[in-house]
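Let me begin by presenting the structure, written as structure tokens, before commenting on it.
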Amino acid sequence: MRMVDLMGKQVIGQQGKLLGDVCDIEFEEKTMQITKICVQIKDDVAEEIGLDKSILRGSIKIDIPVTVIQAISDVVMLDRTVKELGTIAIKR
């Protein structure tokens, strides 16, 4: 799979909840391995993990380490619940 193929894929949490879509990818330059995916999360997900949506900034984006990705197919499946993401995701 090419990195560009990840862009726009839906991201699903452990309990089957749609979190949002992949909007960016971060990788280690030397190894070209992906280290994080940036996900534009849905408003209800942002609220659930305690992030406020700023009217001026628009959508909320969070970085998720690839270590929590369980599988990638038509969607990106995570091995964490929404609540658990609140402790590991980094707001951009």
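Thr87 falls short on exactly one of the conditions (1) part of a helix (DSSP H, G or I); (2) surrounded by fewer than 15 Cβ atoms within 10 Å (Cβ to Cβ); (3) modelled with pLDDT of 90 or more, and that condition is (3). Scanning the range 1-53 for residues that are touching a residue at least 60 places away in the same chain (Cβ under 8 Å) and assigned to a strand (DSSP E or B), which turns out surrounded by the fewest Cβ atoms within 10 Å (Cβ to Cβ)? This residue is Gln10. The residues of the range 49-81 that are at pLDDT below 90 and either in contact with a helix residue (DSSP H, G or I) (Cβ under 7 Å, 6 or more places away or on another chain) or of a type in the set (A, V, I, L, M, F, W, C) (or both), listed by number, are Ile49, Gly50, Leu51, Lys53, Ile55, Leu56, Ile60. Return yes when Ile49 is out of contact with any Lys or Arg (no Cβ under 6 Å at 6 or more places or on another chain), aliphatic (A, V, I, L, M) and within 17 Å of Arg92 (Cβ to Cβ) and no when it is not. Spelling it out, Ile49 is indeed out of contact with any Lys or Arg (no Cβ under 6 Å at 6 or more places or on another chain), aliphatic (A, V, I, L, M) and within 17 Å of Arg92 (Cβ to Cβ). Could you grab me the full set of residues in the range 1-22 that are touching a Gly at 6+ places or on another chain (Cβ under 8 Å) and not acidic (Asp, Glu)? Of everything in the range 1-22, those that are touching a Gly at 6+ places or on another chain (Cβ under 8 Å) and not acidic (Asp, Glu) turn out to be Gln10, Val11, Leu19, Val22.
The values are calculated or read from the model by the stated rules, or taken from the named source; none is laboratory data. All values reported here derive from a predicted model rather than from experimental measurement. Positions of Cβ are generated from backbone atoms using ideal geometry, with glycine treated the same way; all protein chains shown enter the neighbour counts.
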